[in-house]
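One structure is given here, and the rest of the page talks about it.
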Amino acid sequence: MAARMTEKRSLTYAQAGVDIAAGNALVKAIAPLARATARPGADAELGGFGGFFDPRAAGYKDPLLVAANDGVGTKLKLAIDTGRHDTVGIDLVAMCVNDLIVQGAEPLFFLDYFATGKLENGVAARVVAGIAQGCLQAGCALIGGETAEMPGMYAPGDYDLAGFAVGAVERGEQLTGAGVAPGQLLIGVASSGAHSNGYSLIRRILAEAKADLAAPAPFDAARSLAEALLEPTRIYVKPLLPLIGGGHIKALAHITGGGFLENIPRVLPDGCRALVAAPTLPPLFDWLRATGGVAAGEMARTFNCGTGMVLAVDRSEAEAVIAALEQAGERAAVVGEIIAGTRGCDVHGAPGQWGETAAWTASHNA
């Protein structure tokens, strides 16, 4: 009798954990969101191998292109743990476009990368809706992205995000910090919260305090602790573009991890030093400091502590710049000045709210 042939099972991509149909359904679902971000130079259609942008159609004659990429960090873990996926896309856009505006560049277009172990279209669509909202706030087009379903790479329910933004500035009009000089003032623009920095420390504080994310925030009874901590990063593009175009700003520093000490020196020329008055901590940051027993220096190097952007302006321009920012819906105030000295930053006179009785002085030489 002839040996019986064993029929080999035919495996499929779906059996390996990748659902192509779900990916196609997601593209179809988010296409209207992308179309809503269309702007001159881009039609914001999804589905091709790449996205096109025409700088001439956007009004540029001799543009320099500026690119930035970033992620959201472990703030994503809070979003995943609480099932709140609607705003982390705004964070993703904000962290990229705020890095473009400090170069004087207008954000033109944005692309995203969404990676997960198993695609759940409800979650992915909510994340991309936030990305589209962030693009609308920044005035840039969402012209493409990538969704990667990678079984075994992520724990169930987990996902990661990366964003890529490209902006433009006319040649010779970029902000380099070369115009910064002693005697100029520093204006701080308020943050909306912790933005997207320091969340590994925040999550450690939450864990040790056994904090209830669903309960009212100890510092804001009007919303839950989760809502307060997931407040999206503020996008400063539209309020700042007119001031940049009018020549009112000499330099901009995006205050991310590292605070004043690490970020302001990045935009200072040699011979200029920033002297900053330590801000009064907003309630969120004071609660983090007190609950986690976080020292002043650690707070200043981990969080923005209430200031998301710092502008260097001529002393004669400061009042008008603050008025324009407030007219645009921002909260702004003078926080320091530029003095002659070694390139770096000093923060002086921290109030007792920072948890220290003596004035806190910190210095960083870039």
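Could you check region 254-288 and list, in sequence order, the residues that are more than 28 Å from GLY183 (Cβ to Cβ) and out of contact with any Cys (no Cβ under 9 Å at 6 or more places or on another chain)? Even if it seems obvious, please write down each step before you answer.
So in region 254-288, the residues more than 28 Å from GLY183 (Cβ to Cβ) come out as 257, 281-288.
Scanning region 254-288 gives GLY257, PRO283, LEU284, ASP286, TRP287, LEU288.
Please find, among TYR159, TYR154, the residue that is of a type in the set (Phe, Trp, Tyr), surrounded by fewer than 21 Cβ atoms within 10 Å (Cβ to Cβ) and under 22 Å from GLN15 (Cα atoms).
On the way: TYR159 fails: surrounded by fewer than 21 Cβ atoms within 10 Å (Cβ to Cβ).
When all the criteria are applied, what remains is TYR154.
Which condition does GLU149 not pass, out of (1) modelled with pLDDT of 95 or more; (2) closer than 20 Å to HIS85 by Cα; (3) buried (at least 21 other Cβ atoms within 10 Å of the Cβ), if it passes all the others?
(1)
Check ILE205, ILE187 and return the single one that is modelled with pLDDT of 95 or more, open to solvent by less than 20 Å² (accessible area, probe 1.4 Å) and in a helix (DSSP H, G or I).
Values: ILE187 fails: in a helix (DSSP H, G or I).
Result: ILE205 is the single residue among ILE205, ILE187 that is modelled with pLDDT of 95 or more, open to solvent by less than 20 Å² (accessible area, probe 1.4 Å) and in a helix (DSSP H, G or I).
Per-residue answers, yes or no, for (1) touching a helix residue (DSSP H, G or I) at 6+ places or on another chain (Cβ under 9 Å); (2) of a type in the set (A, V, I, L, M); (3) free of Cβ contacts under 8 Å to residues at least 60 places away in the same chain:
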| residue | (1), (2), (3) |
| --- | --- |
| LEU252 | yes, yes, no |
| GLY271 | no, no, no |
| LEU284 | yes, yes, no |
| PHE303 | yes, no, no |
| LEU311 | yes, yes, no |
| ALA318 | no, yes, no |
| VAL321 | yes, yes, no |
| ALA328 | yes, yes, no |
| ILE339 | no, yes, no |
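Which residue pairs have Cβ atoms closer than 8 Å, lie 6 or more positions apart in sequence or on different chains, and pair a first residue in region 196-208 that is without any contact (Cβ under 8 Å) to a residue 60 or more places away in the chain with a second residue that is among the polar types (S, T, N, Q)?
Short answer, once both residue conditions are applied: none.
Any residue at all in region 60-76 that's in a helix (DSSP H, G or I) and in contact with a helix residue (DSSP H, G or I) (Cβ under 8 Å, 6 or more places away or on another chain)?
First, pick out the residues of region 60-76 that are in a helix (DSSP H, G or I): 75-76.
Imposing the further condition that a residue be in contact with a helix residue (DSSP H, G or I) (Cβ under 8 Å, 6 or more places away or on another chain) reduces the set to 75-76.
Checked against the condition, which is being in a helix (DSSP H, G or I) and in contact with a helix residue (DSSP H, G or I) (Cβ under 8 Å, 6 or more places away or on another chain), region 60-76 yields at least one hit.
When region 165-185 is examined, which residues are found to be hydrophobic (A, V, I, L, M, F, W, C) and either touching an Asp or Glu at 6+ places or on another chain (Cβ under 6 Å) or within 27 Å of ALA67 (Cβ to Cβ) (or both)?
Our first condition is that a residue be hydrophobic (A, V, I, L, M, F, W, C); within region 165-185, this holds for 165-166, 168-169, 175, 178, 180-181, 185.
If the condition is that a residue be hydrophobic (A, V, I, L, M, F, W, C) and either touching an Asp or Glu at 6+ places or on another chain (Cβ under 6 Å) or within 27 Å of ALA67 (Cβ to Cβ) (or both), then ALA165, VAL166, ALA168, VAL169, LEU175, ALA178, VAL180, LEU185 are the ones that fit.
Of the residues LEU111, LEU142, which is in contact with a Ser or Thr (Cβ under 7 Å, 6 or more places away or on another chain) and in a strand (DSSP E or B)? Lay out the reasoning, then the answer.
Values: LEU111 fails: in contact with a Ser or Thr (Cβ under 7 Å, 6 or more places away or on another chain).
On inspection, the qualifying residue turns out to be LEU142.
Just a yes or no: is a residue in region 81-91 out of contact with any Leu (no Cβ under 7 Å at 6 or more places or on another chain), under 30 Å from LEU213 (Cα atoms), open to solvent by less than 20 Å² (accessible area, probe 1.4 Å) and of a type in the set (A, V, I, L, M, F, W, C)?
Quick first cut of region 81-91, residues out of contact with any Leu (no Cβ under 7 Å at 6 or more places or on another chain) only: 81, 83, 85-86, 89-91.
Filter again for under 30 Å from LEU213 (Cα atoms), leaving 81, 83, 85-86, 89-91.
Cutting the leftovers down to open to solvent by less than 20 Å² (accessible area, probe 1.4 Å) gives us 85, 89-91.
Now restrict to residues that are of a type in the set (A, V, I, L, M, F, W, C): 90.
Yes, region 81-91 has at least one match.
If GLU173 satisfies every condition in (1) in a loop (DSSP other than H, G, I, E, B); (2) open to solvent by less than 40 Å² (accessible area, probe 1.4 Å); (3) over 24 Å from LEU284 (Cβ atoms) but one, which is the exception?
Checking GLU173 against (1) in a loop (DSSP other than H, G, I, E, B); (2) open to solvent by less than 40 Å² (accessible area, probe 1.4 Å); (3) over 24 Å from LEU284 (Cβ atoms), the one that fails is (2).
Hey, among the residues in region 17-44 that are open to solvent by 40 Å² or more (accessible area, probe 1.4 Å), part of a loop (DSSP other than H, G, I, E, B) and of a type in the set (Gly, Ala, Ser), which one's modelled with the highest pLDDT?
At the first step, the residues of region 17-44 found to be open to solvent by 40 Å² or more (accessible area, probe 1.4 Å) are 19-21, 24-25, 27-29, 32-33, 35-36, 38, 40, 43.
Adding the requirement that they be part of a loop (DSSP other than H, G, I, E, B) leaves 19, 36, 38, 40, 43.
Within this subset, residues satisfying the condition of being of a type in the set (Gly, Ala, Ser) are 36, 38.
Details: ALA36: 86, ALA38: 89.
Taking the candidates together, the pick is ALA38.
Counting only residues that are hydrophobic (A, V, I, L, M, F, W, C) and more than 27 Å from GLU337 (Cβ to Cβ), which one in region 285-299 is surrounded by the most Cβ atoms within 10 Å (Cβ to Cβ)?
Step one: filter region 285-299 for residues hydrophobic (A, V, I, L, M, F, W, C), giving 285, 287-288, 290, 294-296, 299.
Checking the rest, the ones that are also more than 27 Å from GLU337 (Cβ to Cβ) come to 287-288, 290, 294.
Numbers: TRP287: 20, LEU288: 24, ALA290: 15, VAL294: 20.
It comes out as LEU288.
Only helices (runs of 4 or more DSSP H) wholly contained in region 223-277 count here; list those with 2 or more residues that are over 21 Å from GLU106 (Cβ atoms) and open to solvent by 10 Å² or more (accessible area, probe 1.4 Å). If you could, list the steps in order and put the result at the bottom.
Numbers: elements: 225-229, 237-245, 259-263.
So the answer is 259-263.
The values are calculated or read from the model by the stated rules, or taken from the named source; none is laboratory data. Computed from a predicted model, the values in this text were never measured in an experiment. Virtual Cβ from ideal backbone geometry, glycine too; neighbours counted across all protein chains shown. Calculation scope for accessible area: heavy atoms of the full protein, side chains included, ligands and nucleic acids excluded. Shrake-Rupley method; radii C 1.70, N 1.55, O 1.52, S 1.80 Å.
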